[in-house]
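K.L.:
I'd like to ask you about the structure that follows.
The values are calculated or read from the model by the stated rules, or taken from the named source; none is laboratory data. Values in this document were obtained by computation on a predicted structure and should not be read as measured data. Positions of Cβ are generated from backbone atoms using ideal geometry, with glycine treated the same way; all protein chains shown enter the neighbour counts.
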Amino acid sequence: MSCNELQFVGPNPGRWLQDSLTVLDGRVGCVVPDRYPAYARVLHRIDPDDRAIRWSDVCAATGAVAHPLMQWHMISRGWTEHTGPDPLQGRGSDDPQEGNLDRISMTALYAILTQATAVGQGFHAFWTGWGGLRPGSVSIIEFGGDGHARTPPDSAFPFPPEIVGGPTLDLPGREYLVFSGALEPRLFADRPGSVFWPQSPNLSWPEDHSWCVATEIDFDSTLVAGTADLIEAVLAHPALEAWPVTADDRLTFDADVINGP
């Protein structure tokens, strides 16, 4: 079943991930398979509206050390431009978004992935915990000009009810709806009428499994696994703030031992 050029395919294309991702403990190799020669961590933008502020700029302002495993709540302490709540207590509007790669970074990353993929197509998986991606997970009520409540049309949800209720790809602690589609950010940047979009895929991979991209729901960065040439291109792209990591590196809340505790 198709939905605006994303074809719902069910869990079978993602079965290969079940063999590699058997635990969820915060290591890079538990979010993307540990079979690849190289890995990159793409930091989510601080301001999705395209102010050219990088995590390294925040480090320069706060005296923190920029490094591959830095954690936002550690480097942003004392950042004067931060307008949200204390980073140690909660995330504000200026914080990098968790579980969702921003549009600018996604556009740059998928341009690189397209060049590295023979057919320009891939599979994309979305965590069912997002609003409207699990049957009965959320209700929407609209109020018309007459003040009367009404149920909005199905278009208020990202996908039709029959897709939302379809079979899922089950990985440790996570369930996903899997689609096939082009490696084009426009497919994920907007779904007209949906109040739950934009949302980047939480997992993407090509049919030959030559690379894998994961935006784990609890991380404010996206992991890319692939060939050395692919990772070199990711690290070199001027629109991306990316760092090399290994499969054994951890990205948990306490992973930034250089700037912590």
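K.L.:
Restricting to the stretch 60-103, name every residue that is of a type outside the set (Gly, Ala, Ser), within 26 Å of Ala247 (Cα to Cα), touching a helix residue (DSSP H, G or I) at 6+ places or on another chain (Cβ under 8 Å) and at pLDDT 90 or above.
P.N.:
Val65, Met70, Trp72, Ile75, Pro96, Leu101
K.L.:
Ok, one more. On the phi < 0 side of the Ramachandran plot, modelled with pLDDT under 95 and either touching a Gly at 6+ places or on another chain (Cβ under 8 Å) or part of a helix (DSSP H, G or I) (or both), is that true of Thr114?
P.N.:
When the stated conditions are applied, Thr114 passes them.
K.L.:
Hey, another quick one. Which one is surrounded by the fewest Cβ atoms within 10 Å (Cβ to Cβ), of the residues in the stretch 225-261 that are among the small types (Gly, Ala, Ser) and out of contact with any strand residue (DSSP E or B) (no Cβ under 6 Å at 6 or more places or on another chain)?
P.N.:
Among those residues, the one meeting the criterion is Ala236.
K.L.:
Which residue, of Glu162, Glu142, Glu216, is among the acidic types (Asp, Glu) and at pLDDT 95 or above?
P.N.:
It is Glu216.
K.L.:
While we're on this one: Please go through the stretch 207-217 and give me each residue that is buried (at least 20 other Cβ atoms within 10 Å of the Cβ) and either in contact with a strand residue (DSSP E or B) (Cβ under 7 Å, 6 or more places away or on another chain) or aromatic (Phe, Trp, Tyr) (or both), ordered by number.
P.N.:
Trp211, Cys212, Val213, Ala214, Thr215, listed by residue number.
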